[in-house]
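Just below is one structure, and these are the notes that go with it.
The values are calculated or read from the model by the stated rules, or taken from the named source; none is laboratory data. Remember, predicted model here, so these are calculated numbers, not experimental data. A quick note on method: Cβ atoms are made from the backbone with ideal geometry, for glycine too, and the neighbour counts reach across all protein chains shown.
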Amino acid sequence: MNQFFQRVANYVANEILIKGLANSKTFQRFAVRTDAHLRNLKETSNEAINSKLDEIHQTAAKTAFSTSSSAGKSSASRGTYHTSGPPRPPKTGLAGFFEAFGKEIRKDLGIGK
């Protein structure tokens, strides 16, 4: 008996919901707009990541080919450490990721600090 009700519910859901939404112009517009929006977000995020990686690569290449004395001066003059007040929490989101990623690359390459 339970299986009968499952089949009836499945048939009703299939006929009314799925076929109804497939034939609905409003739902089709919603689906197309959502798809276009998600593709746009994906494209812009990929461009942002690639540009940031290019920037990191250029900075690493410049620092790697500079003299060691000028590399020491540039990190000291930057003032990356802040000594007054409580410590600041790390940045969050994409900016925080790239900052931490850049620090790790600089640490691995022996650039800066």
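Is there a residue in region 81-92 that is surrounded by 11 or more Cβ atoms within 10 Å (Cβ to Cβ), among the hydroxyl-bearing types (Ser, Thr, Tyr) and modelled with pLDDT under 90? Looking through region 81-92, none of the residues is surrounded by 11 or more Cβ atoms within 10 Å (Cβ to Cβ), among the hydroxyl-bearing types (Ser, Thr, Tyr) and modelled with pLDDT under 90.
Within the set ALA71, ALA13, the sole residue that is assigned to a helix (DSSP H, G or I), modelled with pLDDT under 90 and within 15 Å of ARG106 (Cβ to Cβ) turns out to be ALA71. Here the condition is being exposed (fewer than 10 other Cβ atoms within 10 Å of the Cβ) and at pLDDT 85 or above; of THR26, THR59, it holds for THR26 alone.
Looking only at residues that are closer than 21 Å to PHE97 by Cβ and surrounded by 11 or more Cβ atoms within 10 Å (Cβ to Cβ) in region 29-52, which one is farthest from the chain's Cα centre (by Cα)? For region 29-52, the residue satisfying everything is LYS52.
Hey, could you check region 92-113 for residues that are touching a Pro at 6+ places or on another chain (Cβ under 8 Å) and not charged (D, E, K, R) and say which is nearest to THR63 (Cα to Cα)?
The qualifying residue nearest to THR63 (Cα to Cα) is ALA100.
The numbered conditions (1) under 19 Å from the mean Cα position of the chain (by Cα); (2) farther than 30 Å from LYS103 by Cβ; (3) not hydroxyl-bearing (Ser, Thr, Tyr) are all true for GLU55 except (2).
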